[in-house]
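What follows is a single structure, written as structure tokens, with notes after it.
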Amino acid sequence: MKPDFRLDGVKVATGFGENFLPVPPGIHRVEVAGQAQLDVEVAPGQVIDVYCAPGSTILNKGLLGPSTQERPGLGLFIAIMTVAIVATLVIFAFL
């Protein structure tokens, strides 16, 4: 499922990976999935890279920024999965 992507409040059709969206000069708001947002100022002829990192769980918001972003909540995701695996192993050990 593709993330909901909005540019200046208007839904824009995008895909996963790199997308090129031409915009006029000025300040523009980029929003992904209603959680991560970033205001960018674009000069005439300028190309701006915006990187997105979705949250690792539904409890974490994603991040947008001018450089590669780390996925927020990765530690929480690893902790939850570790507890689930250990609990499963303990249950099967006593069967």
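A short reminder: the numbers here are calculations on the coordinates, not readings from a lab. Here the structure is a predicted model, which is why all the values come from computation and not from measurement. Methodologically, a virtual Cβ is constructed for each residue, glycine included, from the backbone with ideal geometry; neighbour enumeration extends over all protein chains shown.
Here are the numbers for the structure shown:
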| read-out | value |
| --- | --- |
| Cβ pairs under 9 Å, 6+ apart, first in the range 79-92 and in a helix (DSSP H, G or I), second hydroxyl-bearing (S, T, Y) and surrounded by 10 or more Cβ atoms within 10 Å (Cβ to Cβ) | I80/T57 |
| Members of the range 58-78 that are touching a residue at least 12 places away in the same chain (Cβ under 8 Å) and hydrophobic (A, V, I, L, M, F, W, C) | L59, L63, L64, L74, L76, F77 |
| Residue among L64, L76 that is among the hydrophobic types (A, V, I, L, M, F, W, C), within 15 Å of the chain's Cα centre (by Cα) and either surrounded by 13 or more Cβ atoms within 10 Å (Cβ to Cβ) or in a helix (DSSP H, G or I) (or both) | L64 |
| Whichever residue in the range 13-31 is under 15 Å from I48 (Cβ atoms) and among the hydrophobic types (A, V, I, L, M, F, W, C) and, among such residues, is surrounded by the most Cβ atoms within 10 Å (Cβ to Cβ) | V30 |
